[in-house]
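A.B. asks: Have a look at this one before I ask anything.
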């Protein structure tokens, strides 16, 4: 076997396997925390209007650390950058538990802000998977690491009931139990990156020549045009739709008498929709094209908000809507991520990927904040109708881009 094959195939395969395993562990933490974040804030604050701020703080926290983690990865490699994100998330989960025990909303919100660093680490892990990927496999390698989150993320919300018993054993509020699970899972994921993500995919692949990379957010933004702009808008808008609807679904269900176990199951199925078919959407992005896959995702999102927004008291229908919401998010975000990665030179790719995640998380924070206000104003149906509007700019960009590409091809022929 040649040295080139040994250095090319096996390190990439090992990198993907390692990231897959760590995503399972970290996904347990993210799933557990997501299932109770809004309920915990509502419980501590005593107001449904504050419930949406849980997701706001999570996504804002992710946004704040995204660019620093990407820059850290450029300087030192993916391994220490990803470990830092997971360990910051573990610290945030511990602060959330402390805030729940003290019944202090500011402390809970601060903890959720730090907790959000785990989301940044989770997102950047998918880009770590394509640092060494062949262009023809970019979508599939990215999607495989995204898919790995399914196992942990689906299991996490279903730990809501058992974690409540753990909370009582250590004398903290029941809703803080899943967050204790998050703290442990994030700590394991951080240590796992430090110990097992070797060789470092970014350093060993020579994906970045730091002597020719200008630091700063402004330079990264200068590369956001054409297909990259389409990808960034797609990812941001799709994430805002998903976060806005998903974050208030537990509150909507609780207001209609659903218990924690049923809420946890619904969120689990939603997260399964987000990740379970990721390899399929990655394959579509590689073989059918990212633009067409994005269109599939937007159609699924529109169907999701229609089903969820008209669900009323039907627990079956709201669950179906949440599954469709996850599928639409998956197709859009995976195809968008593949489009970003294949449209950029290696020297600028990591920081622009960081900008993509920054925009995604800021859009999620805005979506979560507005979701709470819209639902308090006029209910869950209006929230879903408002979310549908966010698909419009994506559809315009994708369709106009496809028409432009068709015109260029026709002119050349």
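Read the figures in this text as sums done on the coordinates, not as results from a lab. In this text the structure is predicted, and so the values were computed from the model without any measurement. Here the Cβ is made from the backbone with ideal geometry for all residues, glycine too, and neighbour counts use every protein chain on show.
A.B. asks: Would you compute, from DSSP H runs of 4+ residues alone, the mean residue ellipticity of the chain at 222 nm, taking -39500 (n - 2.57) per run and dividing by the full residue count, rounded to the nearest 500? Please report the intermediate quantities before stating the final value.
C.D. replies: On the way: 17 runs with 337 residues, N = 413.
Calculated from helices alone, the mean residue ellipticity at 222 nm is -28000 deg cm²/dmol.
A.B. asks: Pairs of Cα atoms under 8 Å, at least six residues apart: use those to get the relative contact order of the chain, whole percent. The partial results should precede the final answer.
C.D. replies: Details: 819 pairs, mean separation 104.6, N = 413.
With pairs under 8 Å counted, the relative contact order is 25 percent.
A.B. asks: Say each of residue 91 and residue 171 gets a label point 7 Å from the Cα, pointing the same way as Cα to Cβ; how far apart are those two points in nm?
C.D. replies: So the label points at residue 91 and residue 171 sit 2.7 nm apart.
A.B. asks: Could I ask something else about it? Which of these values of Cα extents along the principal axes in Å was calculated from the structure shown: (i) 60, 47, 38; (ii) 71, 45, 34; (iii) 59, 53, 44?
C.D. replies: Of the labelled values, this structure produces (i).
A.B. asks: Sort 382-395, 12-25 for me by packing, meaning the mean count of neighbouring Cβ atoms within 10 Å per residue, highest on top. Don't jump to the answer; show the numbers that get you there.
C.D. replies: On the way: 382-395: 18.9, 12-25: 20.6.
Descending packing order for the listed peptides: 12-25, 382-395.
A.B. asks: Additional query: Using a simple spin-label model with points 7 Å from Cα along the Cα→Cβ vector, what separation in nm is obtained for residue 389 and residue 229?
C.D. replies: 2.2
A.B. asks: Among 158-165, 95-102, what's the highest-first ranking by average C-beta atoms within 10 angstrom per residue? Mind dumping the intermediate values first?
C.D. replies: Working: 158-165: 18.5, 95-102: 21.6.
Ranked from most to least packed, the peptides come out as 95-102, 158-165.
A.B. asks: What is the gain in length, in nm to one decimal, between residue 203 and residue 13 on full extension, counting 0.36 nm per residue of separation less the C-alpha to C-alpha distance? If you can, show how the numbers build up before the last one.
C.D. replies: On the way: separation 190, 0.36 × 190 = 68.40 nm, distance 1.59 nm.
Gain in length upon complete extension: 66.8 nm.
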